[in-house]
Amino acid sequence: MEKKTIREIASAWKEDKRPYVKRSTFAAYMLILENHILPYFGEYYVLKENYVQDFVLQKLNSGLSIKSVKDILIVLKMMMKFGVKHEWMSYCEWDIKYPTTESIKSLEVLTITNHRKILNYIRKNFTCRNLGVYISLSTGLRIGEICALKWSDIDTDNAIVTVSRTIERIYIVEGEEKHTELVINTPKTKNSYREIPITKELLAIVKPLKKVVNNEYYVLTNEEKPTEPRTYRNYYKQLMDKLEIPKLKYHGLRHSFATRCIESNCDYKTVSVLLGHSNITTTLNLYVHPNMEQKKRCIAKMFKSLGI
């Protein structure tokens, strides 16, 4: 059995993986390889648990989140399995420990007052770019999904928005060559393909427009070329400054939509489907954090059912 280094295995693994994944996924793998895996493990012949554990702690100490480190380990494990399959290295089982986090970060969402303020402002100050923010607040679309939205995706007869593509700028690494590229892709996961009902208010805005726009144009630009997320994010920041809304990432609009749904007692499965989450656990972990009042009501309800 000819042993190979991780660098040599990575080189073969890249070519094996390329035909089977989306370009954006492949670009993400290459970035992880170049920035994290090869600088640390490049000359290793084996990936013992203690080596990987040391790597994890070093990455966490450098400021990476646990999620980012886990994403790196997914790629590392794929490569190890590929190496083992070709008998270039031995398989090692890992049981990686992560430091317990002190506190759960609370999600940044708009207050109900600011949520309403933005929607009211856009109704009175319509532009196609403003409409994107309105749609995100009314449907929970991600920034890449809103940038890739075409007028043909808005069905005013049935009051439905269809999410079938996303747009993103990816980082391409090809040997010494490095550049970025704007790509239009299928959505994040198969669950991200979804149909979302349009509110009466949003329908009132888009119905007259649908009679005059070119169906193949992108909503945000009303042209055949889209805008990219980075550009639209900058526009959104300027709009929030103008409205004196506290700083909130664009993704916070999606969180705000989901939070309002939960606050309105929508069932969690429906919220999960609207957001395009791959499973309901993601929705529960992100948005369902009962407060003390809800806990009290739950226990009171339980006692009432006992007839006490």
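Does at least one position in segment 295-302 carry a residue that is part of a loop (DSSP other than H, G, I, E, B) and not hydrophobic (A, V, I, L, M, F, W, C)?
No, every residue in segment 295-302 fails to be part of a loop (DSSP other than H, G, I, E, B) and not hydrophobic (A, V, I, L, M, F, W, C).
Considering only segment 290-305, I want to know if a residue exists there that is closer than 16 Å to GLY140 by Cα and without any contact (Cβ under 8 Å) to a residue 12 or more places away in the chain.
no
How about segment 9-46: which of its residues are surrounded by 17 or more Cβ atoms within 10 Å (Cβ to Cβ) and in contact with a Gly (Cβ under 9 Å, 6 or more places away or on another chain)?
Scanning segment 9-46 gives ILE9, ALA10, TRP13.
If I ask for residues that are out of contact with any Ser or Thr (no Cβ under 7 Å at 6 or more places or on another chain), within 22 Å of TRP151 (Cβ to Cβ) and in a loop (DSSP other than H, G, I, E, B), which ones from segment 224-255 would you list?
Answer for segment 224-255, where residues must be out of contact with any Ser or Thr (no Cβ under 7 Å at 6 or more places or on another chain), within 22 Å of TRP151 (Cβ to Cβ) and in a loop (DSSP other than H, G, I, E, B): GLU224, LYS225, PRO226, GLU228, TYR250.
Give, as residue ranges, the helices (runs of 4 or more DSSP H) completely inside segment 90-167 that count at least 3 residues that are not assigned by TED's automatic domain parsing to the domain that holds LEU209.
112-124
Could you list all residues from segment 127-160 that are aliphatic (A, V, I, L, M) and in contact with a Phe, Trp or Tyr (Cβ under 9 Å, 6 or more places away or on another chain)?
Result: VAL133, LEU137, LEU141, ILE143, ILE146, ALA148, LEU149.
Which residues, taken from segment 275-294, are part of a helix (DSSP H, G or I) and under 30 Å from PRO187 (Cα atoms)?
LEU275, ILE280, THR281, THR282, THR283, LEU284, ASN285, LEU286, TYR287
So which pairs qualify, if the first residue must be in segment 190-208 and closer than 17 Å to ARG260 by Cα, the second must be surrounded by fewer than 13 Cβ atoms within 10 Å (Cβ to Cβ) and at pLDDT 95 or above, the Cβ gap must be under 9 Å, and the two must be at least 6 apart or on different chains?
Filtered contacts from segment 190-208: PRO197/ASN158; ILE198/ASN158.
For segment 260-274, how many residues are among the polar types (S, T, N, Q) and in a helix (DSSP H, G or I)?
To start, the set of residues in segment 260-274 that are among the polar types (S, T, N, Q) comprises 264-265, 270, 272.
Those left that are additionally in a helix (DSSP H, G or I): 270, 272.
Adding up the residues that qualify gives 2.
The values are calculated or read from the model by the stated rules, or taken from the named source; none is laboratory data. What you see is a predicted model; the values in this text were computed from it and never measured. Note that we place each Cβ from the backbone using ideal geometry, even for glycine, and neighbour counts take in every protein chain shown.
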